[in-house]
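In what follows, a single structure is set out as structure tokens and then discussed.
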Amino acid sequence: MIIVFGAFYFIYQKLNDNQLLSFPQLKEQLSVLISNNTWLLLILLLLTDVNWLLEIFKWKTLVSIEEKISFLSAYEQCLASLTVSIITPNRIGEYGAKALFFKKDKRKKIMLLNLVGNLSQLFVTVFLGIIGMFFFIRNFNFSIPKLNFQNIIILLIIIIVIFIFRKSLQLQKISLYFKNIPLLIFIKTLSFSFLRYVVFSHQFYFLTAMFGIETDYFTVMNLLFCMYFMASIIPSLSIFDWVIKGSIAVWLFSFVEVNELKIVTITTIMWLLNFAIPAILGSIFVLNFKLIKKV
């Protein structure tokens with residue numbers, strides 16, 4: 001109950017405390033969106049469903065290494081873990097939530113499989129993000145911060161954290177378990193991750209079209225690659241995902257002179273569709289959740 005009420009409260013607080021986009025403004029933007037773009041709106045909602053279907057199938061494929069589960073079970077586990085993770089740093093609560101759906105002797109392995117799924121999504125984000133950053137640096141003029149003492153310390157801390165994280169992945173038991181995962185599972189997981197990225201990035205692109213942003217497809221997609229890449233390396237709570245992506249998007253799209261309010265509205269809608277609403281649906285499964293006490 002605490003998790004569910006906490007998730008609902010944070011979602012409400014996030015929308016209510018938004019300084020750049022109030023409820024009346026959001027309502028007005030949505031009314032214009034619905035009245036003028038019926039077909040694009042249907043495509044947008046379809047992409048939302050496809051996005052989560054791909055995530056569910058990805059998890060079902062990964063967990064099949066340890067236990068065969070049905071689509072409905074995978075659906076329940078994905079949405080329930082999202083509800084739990086939405087108020088935890090970097091969605092770390094997702095690991096424990098998914099593990100609790102399985103017997104005690106399998107939980108550590110389930111958490112490792114969840115790590116594989118998240119790393120595959122991160123790999124796609126970083127790979128396409130590098131392409132987007134290359135395009136951005138070549139085509140736009142912006143000042144790069146000088147490396148003063150403070151920036152050097154921050155850079156060193158980031159390097160140390162990455163080093164420790166990499167070392168933790170190189171522990172013998174973990175690396176041995178990863179080696180035992182069939183190559184076909186890795187390929188399928190990476191494919192699902194790539195398809196998810198294509199879906200939600202085009203969902204953002206369709207929203208730019210629906211709001212009348214007249215920027216060519218290639219530019220919009222590369223700016224989105226940059227946005228997701230930058231957002232992925234900033235530690236945060238999932239509940240504040242909109243704040244980070246919204247601020248980065250406003251900065252990036254300012255180079256092509258896109259109205260700030262439109263970008264803020266788009267990132268808010270993206271957050272509502274892909275995080276808030278699924279988290280609310282997942283709260284049903286959290287309320288019905290019973291710990292598996294089998295050893």
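The values are calculated or read from the model by the stated rules, or taken from the named source; none is laboratory data. These figures come from a predicted structure and were not determined experimentally. Every residue, glycine as well, gets a Cβ built from its backbone with ideal geometry; the counts of neighbours run over all protein chains shown.
Taking the conditions (1) of a type in the set (A, V, I, L, M, F, W, C); (2) under 26 Å from SER73 (Cβ atoms); (3) crowded, with 16+ Cβ neighbours inside 10 Å; (4) modelled with pLDDT under 80 in turn, ILE244 satisfies each one other than (2). Among the conditions (1) closer than 26 Å to ILE187 by Cβ; (2) surrounded by fewer than 19 Cβ atoms within 10 Å (Cβ to Cβ); (3) at pLDDT below 85, GLU67 misses just one, which is (3).
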